[in-house]
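Right, one structure below, let's go through it.
The values are calculated or read from the model by the stated rules, or taken from the named source; none is laboratory data. All values reported here derive from a predicted model rather than from experimental measurement. So basically every Cβ, Gly included, is an ideal-geometry build from the backbone, and we count neighbours across all protein chains shown.
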Amino acid sequence: MCPGAPAVARRALFAGVFLSLIPGCTVSLPMSLGSNGEIAVVTDAESGDPRLEALLTALREPVRWSRDEPRFRPAVVPPAGFDARRHARCLAFILDLDVPGSLAGPLRRLLAGADLDSMRAKPFAFRVVQDAWARGQSILVVHARGAEGAVALGREASEMIAALEEGITTALVSVVLQDGEDRAAGERLARDFGFTLRVPRGWRLGGDPAPGAARLYRVDERNGACFLLIASLPADLAPRDPESLLALRERLATAWSDGDHVDPLSSVARAGSFQRRPATFIEGTWQNANDSIGGLFRCCAFVRGGRFFLVDAVVFQPREEKIPILREVMAMAETFRLMEEP
């Protein structure tokens, strides 16, 4: 080591600690690693523990609108293996907060004491945290106490997974933008359509301001083809039920996607939130009889600024799992902003 290096190292360490204590000033985190379809489940629970099995079942549940592709591929990691996985894109912790054991340290970084106390007061509770050890990272923290906690986890699994999905979509914004942003495309959206997005480099923009629909797309060897269509209508013309929303989505797909149509038996409607505001989602499979191809879609409908918007993400990928790619397309949609909004 060169002369003076220890002092330099000490000063650098002090500077990093000092900066981390200043509100709004944080030390830069590395980018998270791995696929958003994989999740490392850190726990000291034994194999076969009902709490762990209930969580794994919820994470592995096949998404029926994707030909039984699992929502996640979990891997169980003992506490001693956490350091090697701390930069994983998706993490989960499951434990009884009354006996946190060796996971107490990571938990203190993830949640404030008052939040941990609030969770501990119930047999089951969960939280979703972002970017604790890396950018683009989503972390599910699950407290489950004994058999009662395992039963409650199974009963509330859908709500937990929906919150995790929403957290992942938000966290992935930094991932999809890590190779740069096409600011010219965002400016064109703002000028022609009255809304904008942060468009990752490599995406292309088409569409017609007259019918109020913008279409972005990307084609490459790894991800096949991805599309994001954003259409708007006056709020008083908004569909009033899932069937009408699906019919609108069908008309848009026919007009913009060379005859694509929805498989109604695979479509699932649910209430959710987009940018932390109420929204309706429809997920399912699309098919194209002309080209004998198909894939996944997820559309989100909401009212903003007196206008109805439908945001429709479509993936065609015959070689890889589709759900992780669909999440990345929805992450770009997460950057949606009306020009009249601050």
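One line per residue, one yes/no per condition, for (1) in contact with a Ser or Thr (Cβ under 8 Å, 6 or more places away or on another chain); (2) not charged (D, E, K, R):
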{"residue": "Phe82", "(1), (2)": "no, yes"}
{"residue": "Leu91", "(1), (2)": "yes, yes"}
{"residue": "Lys122", "(1), (2)": "no, no"}
{"residue": "Arg127", "(1), (2)": "no, no"}
{"residue": "Ala134", "(1), (2)": "yes, yes"}
{"residue": "Val141", "(1), (2)": "no, yes"}
{"residue": "Gly146", "(1), (2)": "no, yes"}
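Looking at Ala184, Ala231, which one is over 20 Å from the mean Cα position of the chain (by Cα) and loosely packed, with under 13 Cβ neighbours inside 10 Å? After ruling out the rest, the residue left standing is Ala184.
Got at least one residue in the range 246-256 being surrounded by fewer than 20 Cβ atoms within 10 Å (Cβ to Cβ), among the hydroxyl-bearing types (Ser, Thr, Tyr) and touching a residue at least 40 places away in the same chain (Cβ under 8 Å)? Scanning the range 246-256, I find no residue that is surrounded by fewer than 20 Cβ atoms within 10 Å (Cβ to Cβ), among the hydroxyl-bearing types (Ser, Thr, Tyr) and touching a residue at least 40 places away in the same chain (Cβ under 8 Å), so the answer is no. Counting only strands (runs of 3 or more DSSP E) that sit wholly inside the range 177-281, not one has at least 3 residues that are touching an Asp or Glu at 6+ places or on another chain (Cβ under 6 Å) and within 20 Å of Gly295 (Cα to Cα).
Of the residues making up the range 151-168, not a single one is over 30 Å from Ile94 (Cβ atoms), not small (Gly, Ala, Ser) and not in a helix (DSSP H, G or I). Taken as a whole, the structure leaves Ala331 outside the set of residues that are part of a strand (DSSP E or B), under 17 Å from the mean Cα position of the chain (by Cα) and either in the same structural domain as Leu237 (by TED's automatic domain parsing) or not aromatic (Phe, Trp, Tyr) (or both).
Can you tell me which residue in the range 104-143 is surrounded by the fewest Cβ atoms within 10 Å (Cβ to Cβ), limited to those that are among the hydrophobic types (A, V, I, L, M, F, W, C) and more than 30 Å from Ala331 (Cα to Cα)? Explain how you work it out, then say what you get.
Narrowing the range 104-143 to residues among the hydrophobic types (A, V, I, L, M, F, W, C): 104, 107, 110-112, 114, 116, 119, 121, 124-126, 128-129, 132-134, 139-142.
Next cut, more than 30 Å from Ala331 (Cα to Cα) only: 104, 114, 121.
On the way: Ala104: 13, Ala114: 8, Ala121: 10.
Only one residue tops the list, namely Ala114.
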